[in-house]
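As structure tokens, the structure follows; a few thoughts come after it.
The values are calculated or read from the model by the stated rules, or taken from the named source; none is laboratory data. Note that this is a predicted model, so its numbers are computed, not measured. Every residue, glycine among them, receives a Cβ derived from its backbone with ideal geometry; neighbour counts consider all protein chains shown.
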Amino acid sequence: MRRIKSIWEPALWLLLATGLGAQTASPFTSFEVFIYPEYDHPGVGIYVEGSIKPGEYPRFLEMQVPLETTVALVRKQIEGIETSERIEIQQRDGRAYLPLELTEPQFQIQYYFNPFSGEGSERSFTFELITNEILPEWHLTIQQPAKADNFRHSLEAAEELDGDFGLKFYRQHVEGLGPGTPYSVRVSYRNPSGELTMDIVKAIMQQQGEARPDHTAPASPRSKLPLVASVMLLMGVALFAGLKFMGRRTEAASGPAVLPEASPAASNTHKPEAAKKFCTGCGTLLRPGTKFCASCGKAV
């Protein structure tokens, strides 16, 4: 009896460890969330991108979003052509959700909501991430609006990064997140002028363009984070027909424009990148190595 126990006990522990590991492993190799308050629209743009492990897709991902969410898009490749598709926002039990059928190894999602009501300069909102999946180590990045006064956030150990045009970013590393478990961050600030970050960036670019015959955007100071170029499209469409958004890999220390391009899988150790550049024609964030602006088509 003792011998039987000695034989089966290690095997039982191995079986339990294997089974539990399979149940607790995340299907993602990377997961990134970017928050852009008042970038090119009087609201908040959220951009999510990630990559899925081989053999783990297609996969169904459901994300809870604010009830004020009006437009949501996912970026896909159809016959080698990148396109943005609208996500139908579902509501049940007083909550809003984005149902996502992920059929490719990389995904990019963006949605827009406006938590600011009434007039005045005070701004505050809470972003909450809840999914039906297990998330690996991931990062959350907040861009501080260009004209924000007394900017505050509830991130406990955020790294502060500088981007082009004096923009600031706050990046938080998160160990992981279980399905149905919320991760929240509170943001507050004042915007006395009511100006949008994109307007500030475009004004600076115009001023610099007069002094720069080649209209080349200044090199970024020291770091760069994925920036949401898609917010522009998403938010622009939200204003008109109510259905559009995003374009270049919403990358780093800058701002949105048209659904972005997938970024390489993030490593567990974050290394700040160099800030992205903007199109001198329309102010849209540019993808690394891009030849033409995805928003206006201007050569860069």
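Filter region 163-185 down to the residues that are surrounded by 17 or more Cβ atoms within 10 Å (Cβ to Cβ) and more than 17 Å from the chain's Cα centre (by Cα), then identify the one that is farthest from Met198 (Cα to Cα). Among those that are surrounded by 17 or more Cβ atoms within 10 Å (Cβ to Cβ) and more than 17 Å from the chain's Cα centre (by Cα), it is Asp164.
Results for (1) at pLDDT below 90; (2) small (Gly, Ala, Ser); (3) over 22 Å from Ile109 (Cβ atoms), shown as yes or no for each residue.
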| residue | (1), (2), (3) |
| --- | --- |
| Gly194 | no, yes, yes |
| Leu227 | yes, no, no |
| Ser230 | yes, yes, no |
| Ala241 | yes, yes, no |
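Checked against (1) closer than 22 Å to Pro42 by Cα; (2) within 20 Å of the chain's Cα centre (by Cα); (3) surrounded by 15 or more Cβ atoms within 10 Å (Cβ to Cβ), Ser154 passes all but a single condition, namely (3). Among the residues of region 177-202, those identified as of a type outside the set (A, V, I, L, M), closer than 30 Å to Ile134 by Cβ and touching a strand residue (DSSP E or B) at 6+ places or on another chain (Cβ under 6 Å) are Pro182, Tyr183, Ser184, Arg186.
For beta carbons closer than 9 Å, sequence separation of 6+ or different chains, a first residue in region 139-150 that is of a type in the set (Asp, Glu) and a second that is outside any loop (DSSP other than H, G, I, E, B), the qualifying pairs are Asp149/Tyr189; Asp149/Arg190. The condition of being among the hydroxyl-bearing types (Ser, Thr, Tyr), closer than 18 Å to Glu195 by Cα and touching a residue at least 24 places away in the same chain (Cβ under 8 Å) holds for only one of Ser124, Ser154, that being Ser124.
Just checking, does region 151-162 include any residue being at pLDDT 95 or above, of a type in the set (Ser, Thr, Tyr) and more than 21 Å from Ile109 (Cβ to Cβ)? Yes; the residues of region 151-162 include at least one that is at pLDDT 95 or above, of a type in the set (Ser, Thr, Tyr) and more than 21 Å from Ile109 (Cβ to Cβ).
The residue that is farthest from Ser154 (Cα to Cα), counting only those in region 114-132 that are within 17 Å of the chain's Cα centre (by Cα) and surrounded by fewer than 22 Cβ atoms within 10 Å (Cβ to Cβ), is Asn114.
Within region 25-79, the only residue that satisfies the criterion of being among the acidic types (Asp, Glu), crowded, with 22+ Cβ neighbours inside 10 Å and not in a loop (DSSP other than H, G, I, E, B) is Glu49.
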